[in-house]
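Heads up: the structure comes next, in structure tokens.
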Amino acid sequence: MRLLALSALVLLTTMFNSFAQDRYNYHDGRWSSTGNEILYYADVDGDFDVYLADIDGNIIDKITSDSTYEGMPAWGLNDEVISYSSNRSGNFDIYSFNLVTRETKNLTNTEVFEGTHRWSPDKSKIAYERKENGNTDIHIMDSDGSNKRVLVATGSNDFAPYWSENGEYIFYQSSESGSYQLYKIKNDGTDKEQLTFGESHNLMGSISKNGKYVFFISFNSDYPQISRMRSDGSEVIQLTSSSNRKARAEVSPDGNLILYNQIETVENKSVFKFRLLSEDGSSDTEFVLKNMR
């Protein structure tokens, strides 16, 4: 009887976790530097908050709990500091948050939108997107919010910055050519280079820690798929082919796994789920987050 009760409990827990995956939307999964923890945001309580989970899907920390929108997180110094974008001040600013002291600081504090951002490899600077007058540009600031400057401003939409492994270049996506394509530029604003071409969109994902590969979302087929190319734009390979939309390809620190969003239709609504893809595309499994409530 005890064994049957335990089996029933396991079954109910599995069913609940599966139901939760169908009910909640998970976005922008970000690996810690060790690959043991994942930062993300989700709309569990009727608004978006930032969460921290371990590699087994256990929720470690609900970092924000405001009634406002908190999302687009990033890892900062020593995996003890994170950052996210929030509209708690009336518009979207970038905030830092110390996981140990629980101290929060508004880093941008402007009246315009500042959203997706990434810390440099040495954690001294942050590249971020800033929207003003209808266009999105890429800016850089020091990690304490000082010394803000424009990096890319083409008059088109330039966003989703990602630092190269040595901090010399920033990769990003832009609509400058008429469709969204991938570019890279030195962190001083020189040597801009377009990496992908064509009428189909290519959206920025992430770069392997050794700087060898760029993982991105390609719209070259009926459904957006995850592709991989070398950091110079050569040797493009499509890694997925299923009939579900894909988004946000985030490669793990060891380069073996890509955490991404699969967008499925559940009860006539788009639901963003997490999945784990092997680096060569041979394995693709659902990443289930547990105990969301």
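Any read-out appearing in this document is the output of simple, stated calculations on the displayed coordinates, not a laboratory observation. Worth saying up front: this structure is predicted, and the values here are computed from it rather than measured. Positions of Cβ are generated from backbone atoms using ideal geometry, with glycine treated the same way; all protein chains shown enter the neighbour counts.
Can you tell me the FRET efficiency between Ser242 and Asn268 if r is taken as the Cβ-Cβ distance and R0 is 22 Å, rounded to the nearest 0.05? Numbers along the way, then the final one.
On the way: r = 20 Å, r/R0 = 0.92.
Working from the Cβ atoms, E equals 0.60.
How high is the relative contact order of the range 38-145, in percent, with contacts defined as C-alpha pairs under 8 Å that are six or more residues apart?
Values: 238 pairs, mean separation 16.7, N = 108.
It comes to 15 percent, rounded to a whole number.
Can you tell me the dipole magnitude for the chain around its Cα centre, using point charges on the Cβ only (Lys, Arg +1; Asp, Glu -1), in Debye to the nearest 20? Display every interim value, and only then the final one.
Working: 29 positive and 43 negative charges, 67 e Å.
The dipole of the chain has a size of about 320 debye.
Using only the alpha-carbon atoms of the range 19-129, report the extent along each of the three principal axes, biggest first, to the nearest angstrom.
Computed over the Cα atoms, the extents are 39, 31, 25 Å.
Between Asn106 and Lys148, what length comes free when the chain is fully extended (0.36 nm per residue of separation minus the Cα-Cα distance, one decimal in nm)? Display every interim value, and only then the final one.
Values: separation 42, 0.36 × 42 = 15.12 nm, distance 1.37 nm.
Contour length minus the Cα-Cα distance gives 13.8 nm.
With θ taken as phi - 60° and the coefficients 6.51, -1.76 and 1.60, list the Karplus ³J(HN,Hα) couplings across the range 271-282 in order, rounded to whole Hz; mark glycine and proline as x.
10, 8, 10, 8, 9, 10, 10, 5, 4, 9, x, 6
Looking at the P(r) of the range 167-219, how many percent of alpha-carbon pairs lie beyond 18 Å?
Values: 411 of 1378 pairs.
Here the long-distance tail beyond 18 Å is 30 percent of all Cα pairs in the range 167-219.
Listed highest first by mean packing, meaning other Cβ atoms within 10 Å per residue, what order do 262-268, 211-217, 44-50 come in? Provide the component values of the computation, followed by the final result.
Working: 262-268: 11.7, 211-217: 21.1, 44-50: 17.3.
In decreasing order of mean packing, 262-268, 211-217, 44-50 become 211-217, 44-50, 262-268.
Along the Cα→Cβ direction, 7 angstrom out, place labels at Asp43 and Asn220. What is the inter-label distance in nm?
With each label point 7 Å from Cα toward Cβ, the separation is 3.3 nm.
Taking 23 Å as the cut-off for C-alpha to C-alpha distance, list the pairs among Lys148/Lys186; Lys123/Lys246; Lys186/Lys273 that go past it.
Numbers: Lys148/Lys186 16 Å; Lys123/Lys246 29 Å; Lys186/Lys273 34 Å.
Listed pairs above 23 Å: Lys123/Lys246; Lys186/Lys273.
Between Asp280 and Ser234, what length comes free when the chain is fully extended (0.36 nm per residue of separation minus the Cα-Cα distance, one decimal in nm)? Walk me through the intermediate numbers first.
On the way: separation 46, 0.36 × 46 = 16.56 nm, distance 1.62 nm.
Result for the pair: 14.9 nm of gain on full extension.
In cubic angstrom, how much convex hull volume per residue do the alpha carbon atoms of the range 138-205 span?
About 86 Å³ per residue, rounded to a whole number.
Once the Cβ-Cβ distance between Ser156 and Asn98 is put in as r, and R0 is 41 Å, what FRET efficiency do you end up with, to the nearest 0.05? Walk me through the numbers before you get to the answer.
Numbers: r = 36 Å, r/R0 = 0.88.
That gives a FRET efficiency of 0.70.
Which lysines, on any chain, are close to Lys62 with Cα under 17 Å apart, when same-chain ones fewer than 8 places away are left out?
List returned: Lys290.
Taking the highest mean first, how do the peptides 98-111, 169-182 order by number of other beta carbon atoms within 10 angstrom per residue?
The most tightly packed comes first, giving 169-182, 98-111.
Set Lys and Arg Cβ to +1 and Asp and Glu Cβ to -1, take the dipole of the chain about its Cα centre, and tell me which of Val100, Phe171, Pro161 lies farthest positive.
Positive-most Cα among the choices belongs to Val100.
Note the listed values [x] 31, 24, 18; [y] 33, 28, 17; [z] 45, 26, 18, then indicate which one is semi-axes √(5λ) of the Cα gyration tensor in Å calculated from this particular structure.
[x]
What is the angle, in °, between the Cα long axis of helix 2-23 and the longest principal axis of the Cα atoms in the chain? Nearest 10 is fine, range 0 to 90.
30 degrees
Subtract the Cα-Cα distance of Asp79 and Lys290 from 0.36 nm times their separation in residues, and report this length gain in nm to one decimal. Intermediate values should be presented prior to the final figure.
Details: separation 211, 0.36 × 211 = 75.96 nm, distance 2.21 nm.
Result: 73.8 nm gained on full extension.
With an 8 Å Cα cut-off and a minimum separation of 6 or more residues, compute the relative contact order for the range 2-286 in percent.
Working: 704 pairs, mean separation 28.8, N = 285.
The normalised contact order for the range 2-286 reaches 10 percent.
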